[in-house]
Amino acid sequence: MKRLPLAGLLLAACGLTACAGVGVPGDAETAAWWRTTADLSSDAMEGRDTGSPGHARAVAYIAERFRAAGLQPAGDNGTFLQSIPLHEVAVTSQGTAVSVVRSTGGVWPLRFLHDITVTPTDDLPAALDGELVFRGYCSASEMQAVQGRIVVCFGARRTGMPGGGDRLAAATAAGAIGLINVDDPGFDIEPPRWPVAYARSVGFANAAPGPTRIPVMRLSASVFSDVIDGSGQDPDAILAAGSRSTPLPSFDIPARLQARFSIRKRDYSSDNVLGVLPGTDPALADQPVLVDAHLDGYGYGEPVNGDSLYNGALDDAAYVATLIQLADRQAGRGFRRPVIFAAFTGEEKGLLGSRWLADHPTPSAPLPVAVINLDQLRPLYPLTILTTMALDDSTLGQTVREIAEPMGIEVRPDREPERGLLRRSDHWPFMQKGVPAVSFIFGYDPGTEAERRYREWYTTRYHLPQDNMTTPIDHEAAGAFNRFFFTLTERVANADAPPQWLPDSPHRPRTAD
């Protein structure tokens with residue numbers, strides 16, 4: 001990496017926007033954090049899509065900020081960067097067409113990325129044509145007479161119902177040639193959103209090929225009635241019953257799905273940014289603590305309200321900024337344990353950067369003894385409740401409580417486990433390696449203004465271009481969380497003993513017995 005002067009990187013990041021003019025709070029540390037957030041989520045960074053020029057600019061910016069703060073390189077070959085070889089399969093809007101062809105002869109086109117999308121895979125066919133059938137929740141027992149057909153399923157997300165993997169396995173075993181999951185409109189704790197930015201799958205280059213799979217599509221509930229038109233079934237009643245997890249009918253649809261997919265494949269590399277604050281106690285030199293956030297976003301995608309740039313301000317530029325703020329605050333002054341700072345790539349594409357580091361530790365960034373992950377944080381209202389992922393899995397949970405409670409913050413476990421947030425962020429690959437970890441969400445009580453703001457953000461800004469610096473955040477809450485994080489890192493890094501798994505944790509590694 002060619003080292004750029006910090007001033008030049010700041011100028012490139014701000015571009016046509018005046019970073020100094022962004023509205024900021026009164027306290028200097030939080031103001032500095034918000035300015036860094038503005039730098040990382042500026043239009044010049046182009047949304048930091050994995051492998052993009054904007055992502056490369058963000059990598060250079062973060063590496064320079066780490067260096068300037070006194071961190072030492074912890075990446076490949078004495079640099080701050082860890083390069084990851086990637087393989088991408090995309091289905092492009094231009095040249096892709098999906099239609100429902102009715103048995104009466106009518107054709108109903110479905111808007112790609114707005115009504116329907118597909119999961120790109122290396123074995124996705126360029127064309128798909130088959131009769132449509134509806135088979136309820138698509139459990140194995142419901143998969144009757146689907147051979148050679150495309151099966152439509154209610155995409156249940158509730159505990160105890162068939163999940164996406166269950167539906168795919170059942171459809172494949174029964175001989176279906178395609179699978180369409182219809183959104184669950186009743187899953188309001190994380191409502192489905194359309195349009196989707198793009199149809200793109202990214203994995204590690206040269207990975208062993210997985211099993212051949214049938215095409216998997218996702219359908220908006222808003223067009224479900226158009227797809228099953230002529231079947232004699234009530235689409236609203238089906239969606240309502242599915243939302244309640246009550247029995248659903250199985251029936252044939254008097255139509256075919258015809259699809260033509262424009263497929264593009266490419267190989268490239270993308271970088272993690274890794275720095276280390278050396279420890280001061282030689283006896284603890286082999287017990288590093290990892291603090292992390294993901295640097296990647298969605299980049300350019302399908303326009304929403306005329307805007308096609310998904311800036312990713314709170315997801316997750318703001319918390320890379322928190323890592324930088326911690327590095328600046330320490331200015332090279334270490335804790336007893338080494339602290340590894342990681343800005344991960346590819347989180348939005350499947351936790352790629354964290355999975356890579358967990359499997360390919362570097363000499364300066366070995367497997368840690370604890371992970372403190374920063375993601376899913378939305379400082380939209382006062383910080384009085386802190387939902388903590390893996391709260392009751394390790395002694396980290398007690399440390400979290402000891403720090404938060406004197407700050408007037410109630411600590412809670414995840415009360416919406418059906419969202420699967422524990423497995424959707426960068427702490428998870430390390431937990432799978434046996435490392436205790438925590439991650440956080442600004443919590444809320446049902447029916448409160450805090451919940452209203454949280455739900456509204458997920459509906460109007462999450463994974464959309466509107467996740468930008470116009471988001472009305474609570475700067476006092478943001479500053480309080482950052483101070484909590486700084487204290488937690490210090491406490492874990494200076495403790496006499498590293499965090500330990502609790503005996504009743506379902507995620508406790510067998511080797512801990």
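The values are calculated or read from the model by the stated rules, or taken from the named source; none is laboratory data. Everything numeric in this text was worked out from a predicted model, so none of it was measured. Don't worry about glycine lacking a Cβ; one is built from the backbone with ideal geometry, like all the others, and counts go over all protein chains shown. Heavy atoms of the whole protein, side chains included, go into the accessibility calculation; ligands, DNA and RNA do not. Shrake-Rupley method; radii C 1.70, N 1.55, O 1.52, S 1.80 Å.
Taking the range 155-169 as the range and being of a type in the set (A, V, I, L, M, F, W, C) and touching a Leu at 6+ places or on another chain (Cβ under 7 Å) as the test, only LEU168 passes. In a residue-by-residue description of the range 335-351, the property of being at pLDDT 95 or above, buried (at least 22 other Cβ atoms within 10 Å of the Cβ), touching a Leu at 6+ places or on another chain (Cβ under 6 Å) and on the phi > 0 side of the Ramachandran plot applies to at least one position.
When ALA480 is tested against (1) open to solvent by 10 Å² or more (accessible area, probe 1.4 Å); (2) in a helix (DSSP H, G or I); (3) more than 29 Å from PRO278 (Cα to Cα), just one condition goes unmet, and that condition is (3).
Residues that are basic (Lys, Arg) number at least 1 in the following strands (runs of 3 or more DSSP E) confined to the range 94-194: 127-135. I'd like to check something: does the range 290-312 contain any residue that is more than 16 Å from the chain's Cα centre (by Cα) and more than 25 Å from SER52 (Cα to Cα)? Yes: one or more hits.
Residues that are at pLDDT 95 or above, of a type in the set (D, E, K, R) and at positive phi are absent from the range 25-41 altogether. Picking from residues in the range 446-477 that are assigned to a helix (DSSP H, G or I) and among the aromatic types (Phe, Trp, Tyr), the one that is nearest to the chain's Cα centre (by Cα) is TYR458.
You will find that of ASP316, ASP252, ASP267, ASP271, the residue that is assigned to a strand (DSSP E or B) and crowded, with 21+ Cβ neighbours inside 10 Å is ASP271 and no other. Here SER354 clears all of (1) closer than 30 Å to ASP445 by Cβ; (2) within 15 Å of the chain's Cα centre (by Cα) except the condition numbered (1).
Among the residues of the range 359-373, the ones that are hydrophobic (A, V, I, L, M, F, W, C) and closer than 16 Å to PRO85 by Cβ come to 0 in all.
Give the residues of the range 281-309 that are in a loop (DSSP other than H, G, I, E, B) and either under 30 Å from SER231 (Cα atoms) or in contact with a Phe, Trp or Tyr (Cβ under 7 Å, 6 or more places away or on another chain) (or both), sorted by residue number. Listed by number, the residues that qualify are LEU295, TYR298. Among all positions in the range 95-112, there is at least one residue which is within 24 Å of ASP307 (Cα to Cα) and of a type in the set (Gly, Ala, Ser).
Residues are listed down the side, and each one gets a yes or a no for (1) touching a strand residue (DSSP E or B) at 6+ places or on another chain (Cβ under 8 Å); (2) outside any loop (DSSP other than H, G, I, E, B); (3) buried (at least 17 other Cβ atoms within 10 Å of the Cβ); (4) modelled with pLDDT of 95 or more:
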| site | (1), (2), (3), (4) |
| --- | --- |
| ALA358 | no, yes, yes, yes |
| ASN373 | yes, yes, yes, yes |
| TYR381 | yes, no, yes, yes |
| THR399 | no, yes, yes, yes |
| ILE403 | no, yes, yes, yes |
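Among the residues making up the range 231-266, those that are touching a residue at least 40 places away in the same chain (Cβ under 8 Å) and of a type in the set (Ser, Thr, Tyr) are SER231, SER243, SER245, SER250, SER262. For ILE180, the requirement of being over 20 Å from ARG200 (Cα atoms) and either crowded, with 17+ Cβ neighbours inside 10 Å or of a type in the set (A, V, I, L, M, F, W, C) (or both) is not met. Selection of the range 217-249 for residues being β-branched (Val, Ile, Thr), farther than 18 Å from ARG158 by Cα and open to solvent by 40 Å² or more (accessible area, probe 1.4 Å) yields an empty set. Within the range 35-90, the set of residues being part of a helix (DSSP H, G or I), surrounded by fewer than 24 Cβ atoms within 10 Å (Cβ to Cβ) and of a type in the set (D, E, K, R) comprises ARG35, ASP43, GLU46, ARG57, GLU64, ARG67, ASP76. May I ask you to verify whether ARG453 is open to solvent by 80 Å² or more (accessible area, probe 1.4 Å), at pLDDT 95 or above and among the charged types (D, E, K, R)? Yes; evaluated as a whole, the condition is true for this residue.
Taken over the range 414-444, the residue count meeting the criterion of being out of contact with any Asp or Glu (no Cβ under 6 Å at 6 or more places or on another chain), assigned to a loop (DSSP other than H, G, I, E, B) and open to solvent by less than 60 Å² (accessible area, probe 1.4 Å) is 8. Quick one: would you say LEU314 is among the hydrophobic types (A, V, I, L, M, F, W, C) and closer than 18 Å to ARG65 by Cβ? When the stated conditions are applied, LEU314 does not pass them. Taking each residue of the range 368-389 that is closer than 23 Å to LEU351 by Cα and looking for partners that are in a loop (DSSP other than H, G, I, E, B) and polar (S, T, N, Q) with beta-carbon atoms closer than 7 Å, six or more apart or interchain, yields VAL369/GLN287; ASN373/SER425; ASP375/SER425; GLN376/SER425.
Here is the figure for the range 190-217: residues that are closer than 23 Å to THR459 by Cα and in contact with a Lys or Arg (Cβ under 6 Å, 6 or more places away or on another chain) total 1.
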